[in-house]
1. Could you tell me how far the Cα centroid of the stretch 187-250 sits from the Cα centroid of the stretch 106-124, in Å?
2. Only counting other Cβ atoms within 10 Å, I'd like THR113, THR126, THR215, THR297 sorted with the fewest neighbours first.
3. Compute the distance in nm between two label points, each set 7 Å from the Cα along the Cα-to-Cβ direction, one at LYS197 and one at LYS287.
4. Can you return the lysines within cross-link range of LYS104? Criterion is Cα-Cα under 18 Å, with same-chain partners fewer than 8 residues away left out.
5. In degrees between 0 and 90, to the nearest 10, how far off the longest principal axis of the chain does helix 56-73 point, with axes built from Cα atoms?
6. What ranking of ASP139, ASP379 emerges when the number of other C-beta atoms within 10 Å of each C-beta is taken as an exposure proxy, fewest first?
7. For the stretch 314-394, which GluC sites (Glu not before Pro) are both in a DSSP coil and crowded by at most 16 other Cβ atoms within 10 Å?
8. Determine, for GLU162, GLU224, the number of other Cβ atoms within 10 Å of each Cβ, and report the residues in order from fewest to most.
Amino acid sequence: MFNRKRDIQGEIDWLQKNVSCIKPGDSNDDSDLSFLKPLLQDKRIVLLGENGHGVKEHTEIKSRLIKYLYQELDFRVLVFESSLGACSFSSKQRVNSSKEQLVKQSLFKVWHTKEMVELFTWIKATESSESSMIISGFDIQPSPIENITSEVLMNLFFSIGEVYGNQIQKLEQDILHQYVHSRNSTMSKKERKMKQKELRESYQSLLLLLKQNYTYLQEKFDQETLKIAERVLRNRVQLVDMIAASFMKAIKLRNKMMADNIVWLVQEMFAGEKIIIWSHNNHISKKMKGMIGFKSTFSYVPTEVKQNSYSIGFFMYSGNAADNSRKIYEVKEPEQDSIEYRMQKLGHDVGFLDISKQSKIPENQWLFKYSYTMDEGRDLTLIRPHACFDGLINCSKVNAPTYLEL
């Protein structure tokens, strides 16, 4: 169906004129990033992808970009592909947390790395400025360490009445257990359905109770805490639906629900703020439908939000990376008709290509057609770069991150 192209020298020559070199690692000199300003200064949302969660260089480059966006273009909110509640409440209480604690409380375990701690060291340092960097999340899935979210919810409902505090405490324990064991439950199908119905109805009743007591709660809690808590309760109802679904349907539901959270963060929680989103390429792609039928998260976002955004896909040509279980694997070097091969031929350790302003010509038509890439550096797949992303970043060689102790 797709012919493998062999003669790409004309495309390499075109890339030589259009790709910018980015310094690898940390640097106090951001002059190499100056090309970003005209591209991003009028955007409200910048999405930073990654072609796999276990790539040291992707974290380091994104950290540089985040600092630049904060310092030069006033981006003040950083939203991770992690639990909305855990990220948001950890950010509000971070004065009392060490940088390592903040990483572990906020993010999924795939990002519990030394490189992420270095970014969070800088984030905590912004607390002394007039406008500190705010952390949030957009995933409905709970963090493995979801204590901070449960504690806030318990405080809220205990202030309404002891019976409600005890109810939310038990509910949180139940739903986290159901989530962890959803694919290997010892319950019968009938028992699972009854449990899920009970959880859904209980969270819906507490959501209603929160709304009924909003005026009273405003005397004890700040507005942000109440808004986040209400959203978390809605997400818990959605999480029950995801747990109840088949594996394939659960993936689709999660993507749609994460898109809803992004819209809520952009239009309600952080209305007027400039926002950076950190996630996998498969979530931040503007228009992607996987080979097995899954649409990307950002595909579900309304056009008016997409139009004010800039999405950067990250890729890697060679080296080593780690999977979600921290197991290190070798990145497969793709053939010469791939995104990665073309960009690494320029000789840059890290190269950036803007494709948002390109017009189709013979030398760049591969950007507008289905092109080969290695998903997570392992699985050959096809994407249309121009439809998926506004810009591409490729690392010629990568390494696995340095993980924190579990």
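FYI, it's all coordinate maths here, none of it is from the lab. Note that the structure is a prediction, hence the values are computed from the model and not measured. Every residue, glycine as well, gets a Cβ built from its backbone with ideal geometry; the counts of neighbours run over all protein chains shown.
1. About 28 Å separates the Cα centre of the stretch 106-124 from the one of the stretch 187-250.
2. Listed from fewest to most nearby Cβ atoms, that is THR215, THR126, THR113, THR297.
3. 4.3
4. Hits, sequence-local ones excluded: LYS56, LYS92, LYS114, LYS124.
5. On a 0 to 90 degree scale, this one is about 80.
6. ASP379, ASP139
7. Of the GluC sites (Glu not before Pro), the ones in loops of the stretch 314-394 whose Cβ has at most 16 other Cβ atoms within 10 Å are GLU335.
8. GLU162, GLU224
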